Amino acid sequence: MSAQDSWPEPITRVQAISESGSSVIPDRYVKPPSERPNTSTSSSTKLLCLSIDTDTSSNVDASDLNIPLIDFQGQLDDDEDNHLVLPDTILDQVCMASKNWGFFQIVNHGVSPELMDQVRDVWRQFFHLPFEEKQVYANTPATYEGYGSRLGVEKGAILDWNDYFYLHYLPQSLQDPNKWPALPLSCREVIAEYCKQLVKLSKKIMKILSITLGLQQDYLQNAFEGGEEFGACMRVNFYPKCPQPDLALGLSSHSDPGGMTLLLSDDDVVGLQVRKDDTWITVKSAPNSFIVNIGDQIQVLTNAIYKSVEHRVTVNSMNERLSLAFFYNPRGDLVIQPAKELVTLERPALYSPMTFNEYRRFIRTMGTRGKLQLESMKSPR
């Protein structure tokens with residue numbers, strides 16, 4: 001087996017460690033002091049001077065901050081010419097959130113709350129199946145598809161406190177429902193319908209982003225497709241209880257390498273934190289919402305007008321947590337570079353051309369490293 005096809009060390013399921021009853025986590029999960037949630041800049045103590053939804057800045061207690069919440073008001077239907085028409089107020093909110101935060105929540109988006117509850121429920125059931133039944137889907141670093149517990153193949157790396165399941169939805173050539181969990185019995189059916197609805201919603205958001213950039217509304221979608229099929233995949237994250245949550249992270253700081261992410265968060269347990277300036281903001285998700293975040297590929301395409309933002313996940317000792325990240329990505333072999341319409345003499349192209357396959361090879365090899373990969377793409381001046 002090549003290094004790409006196997007993990008550098010035996011895999012230990014985090015859930016098994018959590019359920020062992022130990023009061024101490026293994027050293028492999030202890031983060032360096034500078035990365036621990038208890039020593040990083042606190043979201044509950046620091047005062048920020050920033051603009052959230054207006055052009056005026058003021059001192060705001062960071063514990064009261066949250067990412068912008070945008071109500072789509074059920075207005076995401078195209079007209080007879082297949083054009084999306086939304087009030088300027090909604091477009092302005094999306095534009096400001098994408099520029100200033102890289103994150104926003106959406107409600108009244110067209111995906112039924114019943115389906116959102118169903119998909120969370122089937123995945124929670126999956127992670128509570130007996131170990132042997134989950135292990136059938138154990139993954140490798142060759143594709144990451146299946147049941148996993150680490151990201152990156154660096155030997156001796158400090159690991160994150162999570163187990164996950166990763167699956168492909170698009171392109172169709174990569175989709176294999178036989179690799180999706182067969183249990184619980186409704187799992188594959190629910191996954192298929194959920195992914196179908198999120199592709200539909202993602203296309204609408206791509207139109208909105210294009211419009212707010214002053215581009216043709218199909219610009220970003222076309223940039224993702226290149227005349228063929230774009231990519232879509234899902235990672236379901238399971239964060240077991242952690243006896244020493246002040247030493248660990250469920251997911252280390254990173255920006256998403258793909259195009260755009262739609263996150264279905266846990267309604268009952270917080271954990272996602274977004275970096276705003278030098279402060280970590282704990283996201284409080286609204287009921288029946290999706291959390292949308294700009295990925296690195298859209299930052300490149302927009303020439304950094306819209307920015308991907310570092311985020312991380314904390315864990316706790318009292319409650320497990322589940323979230324579903326749906327990644328909407330460019331075609332893997334398509335060269336991504338700043339849109340020529342967004343490149344000017346005053347704002348030259350900031351990034352060198354690169355395919356998405358080349359780009360994501362970094363995170364699959366090295367794991368989460370903040371925004372190191374994106375910074376390395378910057379064009380020489």
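V199 - would you say it is in contact (Cβ under 8 Å) with a residue 60 or more places away in the chain, in contact with a strand residue (DSSP E or B) (Cβ under 9 Å, 6 or more places away or on another chain), of a type in the set (A, V, I, L, M, F, W, C) and open to solvent by less than 20 Å² (accessible area, probe 1.4 Å)?
yes
Filter the range 187-237 for residues that are of a type in the set (G, A, S) and at pLDDT 95 or above and give the result.
Those that are of a type in the set (G, A, S) and at pLDDT 95 or above: A192, S202, S210, G214, A223, G231, A232.
Collect the residues in the range 65-83 that are modelled with pLDDT under 90, surrounded by 11 or more Cβ atoms within 10 Å (Cβ to Cβ) and either among the charged types (D, E, K, R) or part of a strand (DSSP E or B) (or both), keeping them in residue-number order.
D78
Among the residues of the range 177-196, are any open to solvent by less than 20 Å² (accessible area, probe 1.4 Å) and small (G, A, S)?
no
Is there a residue being under 23 Å from P26 (Cα atoms) and either at pLDDT below 95 or not acidic (D, E) (or both) anywhere in the range 283-291?
no
Among the numbered criteria (1) open to solvent by less than 10 Å² (accessible area, probe 1.4 Å); (2) modelled with pLDDT of 95 or more, which single criterion is violated by G152?
(2)
Scan the range 214-224 and give yes if some residue there is under 19 Å from the mean Cα position of the chain (by Cα), surrounded by 16 or more Cβ atoms within 10 Å (Cβ to Cβ) and without any contact (Cβ under 8 Å) to a residue 60 or more places away in the chain, otherwise no.
The answer is yes; a qualifying residue exists.
Please work out if V292 is under 30 Å from E229 (Cα atoms), open to solvent by less than 20 Å² (accessible area, probe 1.4 Å) and assigned to a strand (DSSP E or B).
Spelling it out, V292 is indeed under 30 Å from E229 (Cα atoms), open to solvent by less than 20 Å² (accessible area, probe 1.4 Å) and assigned to a strand (DSSP E or B).
Here are some conditions: (1) under 15 Å from the mean Cα position of the chain (by Cα); (2) modelled with pLDDT of 95 or more. H254 meets all but one. Which one does it not meet?
Every listed condition holds for H254 apart from (2).
Within the range 14-64, track down each residue that is hydroxyl-bearing (S, T, Y), in a loop (DSSP other than H, G, I, E, B) and modelled with pLDDT under 50.
Residues satisfying the conditions are T39, S40, T41, S42, S43, S44, T45, S51, T54, T56, S57.
Restricting attention to the range 309-356, which residues are open to solvent by 50 Å² or more (accessible area, probe 1.4 Å), of a type in the set (S, T, Y) and without any contact (Cβ under 8 Å) to a residue 40 or more places away in the chain?
T344 - this is the single residue of the range 309-356 that is open to solvent by 50 Å² or more (accessible area, probe 1.4 Å), of a type in the set (S, T, Y) and without any contact (Cβ under 8 Å) to a residue 40 or more places away in the chain.
Kindly provide the set of residues from the range 147-165 that are of a type in the set (A, V, I, L, M, F, W, C) and assigned to a loop (DSSP other than H, G, I, E, B), ordered by number.
L151, V153, A157, I158, L159, W161
Scan the range 101-135 residue by residue and report those that are in contact with a strand residue (DSSP E or B) (Cβ under 8 Å, 6 or more places away or on another chain) and either assigned to a loop (DSSP other than H, G, I, E, B) or among the aromatic types (F, W, Y) (or both).
Listed by number, the residues that qualify are W101, G102, F103, F104, N108, H109, V111, W123, F126, F127.
The values are calculated or read from the model by the stated rules, or taken from the named source; none is laboratory data. Just so it is clear, the structure is predicted and the values come from calculations on it, not from any experiment. Cβ sites come from the backbone with ideal geometry, for glycine too, and all protein chains shown count toward neighbours. Accessible surface is based on the protein model in full, side chains and every heavy atom, while ligands, DNA and RNA are left aside. Shrake-Rupley method; radii C 1.70, N 1.55, O 1.52, S 1.80 Å.
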